[in-house]
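Peer 1: The structure's right below; bear with me while I get my questions together.
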Amino acid sequence: MVFDSVDDRGHEQVSYFTDPETGLQAIVAIHDTTLGPSLGGTRFYDYDTEDDALEDVLRLSEAMTYKAAAADLPLGGGKAVIMGKPDDLKTEDLLEAYGRAVDRLGGRYITSVDVNTGVEDMETVRRTTDHVVGTSDGLGNPSPITAHGVFNGIRACVEHVYDTDSFDGLEVVVQGLGKVGESLTAELADHGAEVTVSDIDEDHVAAVADEYGVDTVAPDEVYDASCDVFAPCAVGGVINDDTIPQLDCDIVAGAANNVLAERRHAEVLREEGIVYAPDYVINAGGLITVAKEHLGGTREEAFDEAAAIGDRLSEMIDRAERRDTTVLAAAEEYAEERIEDADSTDETAIPAE
């Protein structure tokens, strides 16, 4: 199972770590280091099975390779998962043990925040490894920068579909009001968009609606909501065989990872006349932020590079038009060309610390 899964996606290395004293059970997947050391967050999650954890870390690490390459970063793709309930298992001792595990990889993998891990956790991990970013003395919360990249990605899609870069009157449905979803809502509303928000947390939805003057829609009705742009900013897999027939929009562009349940759904959206912005392209602002922290840079520079996501996405949309293919295929081609060029010249790769 493990070897077949690793071979299928072309991973360079998959490492299992355990520490019985703290309860640590972790998997680190390094997908590709052609462009530089792999960078990706650590997800702390109570998976149903070990196979589910492996599938998640393999899928996410592969996506990080494409995200870094498509963002023109000198980094490769990696990811880690810690299995178990965070409320029960997450302790400083466990995180220190995890840091030692990361350190044994010798800089081939650099970790950061992800689902159920935050800045304070990375501070603890840093006690036992230098190969970590997203700490308190770094560039700060990446969520507004991620949202800014998504905003500019939406602008690129709007220009392509409606031949305007104005958000005035643009109808956008934002699904998911986490830190990125709420920041995106604020930026959209500030630029004149007519925003409708949805989240399973009814109290938070009400608070966001009151603060930004936006409308709301129930989670079980969000796919039917008529709009120009559907922006999924919560969980992955929400664009699937069941939801696509419900969509009443021209653009799907949001911050959530792995929005498509299957790769083929990009073609289904295209057949429906819906422009899909590949998630790993449009939501790369967070990676750009921690990359700036790792490589040396400022928060302002990260904002500027996140804004450039719009220009890069426009290039991919134009490429897709020329090739008569999906934007996803064009984005993959763009990323793969960067990796192939680096592999043949070895000029852009940077060594691990």
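The values are calculated or read from the model by the stated rules, or taken from the named source; none is laboratory data. What you are looking at is a predicted structure, and each value in this text was computed from that prediction instead of being measured. Virtual Cβ from ideal backbone geometry, glycine too; neighbours counted across all protein chains shown.
Peer 1: Out of the residues in the range 68-91 meeting the condition of being outside any strand (DSSP E or B), touching a helix residue (DSSP H, G or I) at 6+ places or on another chain (Cβ under 6 Å) and not small (Gly, Ala, Ser), tell me which one is surrounded by the most Cβ atoms within 10 Å (Cβ to Cβ).
Peer 2: Result: 75.
Peer 1: If residue 136 satisfies all but one of (1) over 16 Å from residue 294 (Cα atoms); (2) modelled with pLDDT under 95, what's the number of the condition it fails?
Peer 2: Every listed condition holds for residue 136 apart from (1).
Listed here are the residues, each with its yes/no results for (1) of a type in the set (D, E, K, R); (2) surrounded by 17 or more Cβ atoms within 10 Å (Cβ to Cβ); (3) in contact with a strand residue (DSSP E or B) (Cβ under 8 Å, 6 or more places away or on another chain).
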position: 288; (1), (2), (3): no, yes, no
position: 295; (1), (2), (3): no, no, no
position: 304; (1), (2), (3): yes, no, no
position: 313; (1), (2), (3): no, yes, no
position: 318; (1), (2), (3): yes, no, no
position: 323; (1), (2), (3): yes, no, no
position: 329; (1), (2), (3): no, yes, no
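Peer 1: Taking the condition of being assigned to a helix (DSSP H, G or I), touching a residue at least 60 places away in the same chain (Cβ under 8 Å) and touching a helix residue (DSSP H, G or I) at 6+ places or on another chain (Cβ under 7 Å), how many residues in the range 249-299 meet it?
Peer 2: Qualifying residue count for the region: 10.
Peer 1: Test residue 172 against the stated conditions and say whether it is more than 19 Å from the chain's Cα centre (by Cα) and assigned to a strand (DSSP E or B).
Peer 2: So residue 172 passes the test.
Peer 1: All but one of (1) under 23 Å from residue 118 (Cα atoms); (2) modelled with pLDDT of 95 or more; (3) surrounded by fewer than 22 Cβ atoms within 10 Å (Cβ to Cβ) hold for residue 49; which doesn't?
Peer 2: Checking residue 49 against (1) under 23 Å from residue 118 (Cα atoms); (2) modelled with pLDDT of 95 or more; (3) surrounded by fewer than 22 Cβ atoms within 10 Å (Cβ to Cβ), the one that fails is (1).
Peer 1: Just give me the residues in the range 113-161 being of a type in the set (A, V, I, L, M, F, W, C) and under 15 Å from residue 80 (Cβ atoms), in sequence order.
Peer 2: Those that are of a type in the set (A, V, I, L, M, F, W, C) and under 15 Å from residue 80 (Cβ atoms): 113, 115, 122, 125, 132, 133.
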